[in-house]
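In what follows, a single structure is set out as structure tokens and then discussed.
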Amino acid sequence: MYIPDMSEASRTQVFASPNLVEAFAERVPQWPNQVAILGDGGNGRSFTYAELLQAVSRLSAGLRDPAFAAVESVAILSENRPEWPLAYLAVLAAGKTVVPIDSYLKPLEILYVLNHSGAKLAFVSGRFEEELSQLAPSVLIYSLESDSRQTWRSLFRDESNGDSGKTERPAVVIYTSGTTGNPRGVLLSHRNLLSNLEGIQAALSFGQSDRFLSVLPLHHAFEATCGFLTPLMAGATIVYARSFRSKEILQDIATNRITLMCGVPLLYDKMYHAMRRGINAAPRHRRWLFRFLYVVSSVGWKAGFRWGKPLFAKVRQKAGLGTIRMLVSGGAAIPPEIARFFNLLGIDFIQGYGMTECSPVISVNRPSDITFASVGPPLPNVEVKIDQPDDTGVGEIMVRGGCVTSGYRANPAKTAELLRDGWLHTGDIGCIRDRHLYITGRSKNVIVSAAGKNIYPEEIEEKLLESPYILETVVFGRKKEGRQGEEVRAIIVPDLEQFRAEYDLVTADSDPDLLKRVIGEAVETVNGQMAEFKRISSYIVQVQELEKTSTKKVKRYVYNRSDADGSPAGGGVV
């Protein structure tokens, strides 16, 4: 079991109020004129902390009108914009429950969330107004656009001192995308969220001088807690990115002098490969200088020195990351080499681990204690233990603490599976070494060999992604026809930008034999590094990117359940 760092644990009790909005309001007088949120990459609507609190108070006063007495849950369906967090806080201030909805969901999926959550009112961006009014005519719809017929501004009233301390209702219900069946509504209370914010603030340092770039969708627990609530409680400024395109993100970082950003592995993987291509395309003397300084930085890192900060200041500046001090990665595992690369270049690249049911952060690397392959020590107010570990210490990760959900809305059976004997069962497999938590894989993704050995696909994917020629991959098991156990298969997406830079290969059709040969060599290299029972027996190469969720996580279940056969030795291009 993890033993908390007591120096961190002593810093966790920082919120006197049991209510999220009241805790925010108590902090606003410290930074009333500081810009809190900025839209459209820094060019859109902005609110200072004082303006944001005033708008929250006025909107919540409208939501307290007796006409909305029967409205207990309020949905938000919108892309990231300043009005989104404003609506979120106002709903909480009115003593109601927020239901964030993924803007990428299909109409029937949106309807399911509305019906299951009991949301009778919804704040939506302009592009959803007409669709939602036809889809759910019984739901009161207020547009986040100022020029709409039914604008949310029509709800604004004089500020009220009404009771916002209704913490008996859930603060938020977040619907997670399931691999089968309907999504589950995770109930998170004010206490859950405040506990997680306390743990994060004790583990990581944020302040008024920080500027966050919000890239991931706000309906997701990772961004809502880490990219919205965390910076607001610290007096930082949040800038909403224009898009998920790497080029525009880098422009937004430079224009707004961003210091912090939360992202998923896909985003950082693209940034890593783009920087690597730039380095490889540089004149020979510069390539050699970079490699020499990289080795020096690596030696310094092992000795406890962060020499990368001064050594690579110009490299970071040229890459558009000159003002960045910390990058946080979550949502999925990231290859250790990428974490190593950014850290040795002088950026605190922090990998963490969490799940919506834990509000969501469970563990995170500390800037002073980064281990590239780990997801860091658990937060100081979170208990973690490994259930039924094997002889290597690997078993299911279990969690206990104030951030843990009370369960799923209207789903006692799944709640009973999740919460047992006071512990939350994550379904993730891992171990704890030197206080750091390591994720081995997901229990339901485990491939079982003919000899009964467990094979974790994430381990193989991590090895494959070390190749500069592989952009993304998914590994899964397939039953052997007429034989016991499963064999390891993979779907591999090549990095055509890398092929273009090195071989002038513009499209996969230009030279499919080259593509097949290079990817085949990468697979052979990985197979040579692993025990025989873990080796990839067949694979296919596809140029289309893997199917993903709105938070850019691979929909692994799509491939796990696929009947497509992998190609034997050498693979094939489809």
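The values are calculated or read from the model by the stated rules, or taken from the named source; none is laboratory data. All figures in this text were calculated on a predicted structure; none of them were measured in a lab. Reconstructed Cβ throughout: ideal geometry from the backbone, glycine too, with neighbour counts over all protein chains shown. In case anyone asks, the SASA skips ligands and DNA or RNA and just uses the protein heavy atoms, side chains included. Shrake-Rupley method; radii C 1.70, N 1.55, O 1.52, S 1.80 Å.
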Check: Excluding ligands and nucleic acids, what accessible area in Å² is computed for GLU466 using a 1.4 Å probe, to the nearest 10?
Finding: 100 Å²
Next item on the list: Restricting to the chain, compute how many DSSP beta bridges are antiparallel as a %, nearest 5.
Entry: 55 percent
Next item on the list: Before anything else, pin down the relative contact order of the chain: Cα pairs under 8 Å, at least 6 apart, normalised by residue count, whole percent.
Entry: 12 percent
Next item on the list: Please give the FRET efficiency for SER537 paired with ASP65, using the beta carbon to beta carbon distance and R0 = 60 Å, rounded to the nearest 0.05.
Entry: 0.40
Next item on the list: Give LYS106/LYS534; LYS516/LYS548; LYS414/LYS548 a once-over and call out the pairs whose C-alpha atoms are over 27 Å from each other.
Entry: LYS106/LYS534
Check: Simple spin-label model, 7 Å along Cα-to-Cβ: SER243 to GLU131 in nm?
Finding: 1.8 nm
Next item on the list: Positive end of the charge dipole of the chain (Lys, Arg +1 and Asp, Glu -1 on Cβ, about the Cα centre): tell me which of TYR503, GLN544, PHE222 has its Cα farthest that way.
Entry: TYR503
Item checked: Most positive-pole-ward Cα, ILE338, SER298, PRO283, against dipole of segment 241-368 from beta carbon charges -> PRO283
Next item on the list: Whenever you get a sec, line up TYR104, TYR408 from highest to lowest accessible area (probe 1.4 Å, protein heavy atoms).
Entry: TYR104, TYR408
Notebook entry, point to check: Accessible area of ARG325, 1.4 Å probe, to the nearest 10 Å²?
Noted result: 80 Å²
Check: What is the log10 of I(q)/I(0) for segment 162-277, computed with the Debye formula using one identical point scatterer on each Cα and no solvent, at q = 0.21, 0.22 Å⁻¹?
Finding: -1.22, -1.26
Check: Just by accessible area at a 1.4 angstrom probe, what is the order of SER46, SER143 from largest to smallest?
Finding: SER46, SER143
Check: Once both axes come from the Cα atoms, what is the angle between helix 190-203 and the longest principal axis of the chain, in degrees from 0 to 90, rounded to 10?
Finding: 50 degrees
Note to self: Restricted to Cα positions, what overall size does the chain have along the principal axes? Three whole-Å values, descending.
What the structure shows: 69, 57, 51
Next item on the list: Normalising by the residue count of segment 312-432, find the relative contact order in percent from Cα pairs under 8 Å and 6+ residues apart.
Entry: 17 percent
Checklist line | Cα centroid separation - segment 194-232 against segment 103-121, whole Å | finding: 26 Å
Item checked: Spin-label pair LEU111/ASP504, simplified geometry with 7 Å Cα→Cβ offset, distance in nm -> 5.5 nm
Checklist line | Ellipticity estimate at 222 nm from DSSP helix runs (n ≥ 4, -39,500 (n - 2.57)) divided over the chain, nearest 500 | finding: -9500 deg cm²/dmol
Next item on the list: Holding the Cα-Cα limit at 21 Å, pick out from LYS247/LYS309; LYS96/LYS555; LYS444/LYS479 the pairs that are longer than that.
Entry: LYS247/LYS309; LYS96/LYS555
Notebook entry, point to check: How high is the relative contact order of segment 165-319, in percent, with contacts defined as C-alpha pairs under 8 Å that are six or more residues apart?
Noted result: 15 percent
Notebook entry, point to check: Picking from ASN43, SER78, LEU53, whose Cα lies most toward the positive end of the charge dipole for segment 39-87 (charges on Cβ: Lys, Arg +1; Asp, Glu -1)?
Noted result: LEU53
Margin query: Going by average Cβ density within 10 Å per residue, which order do the peptides 114-121, 471-478, 349-356 take, highest to lowest?
Written below: 349-356, 471-478, 114-121
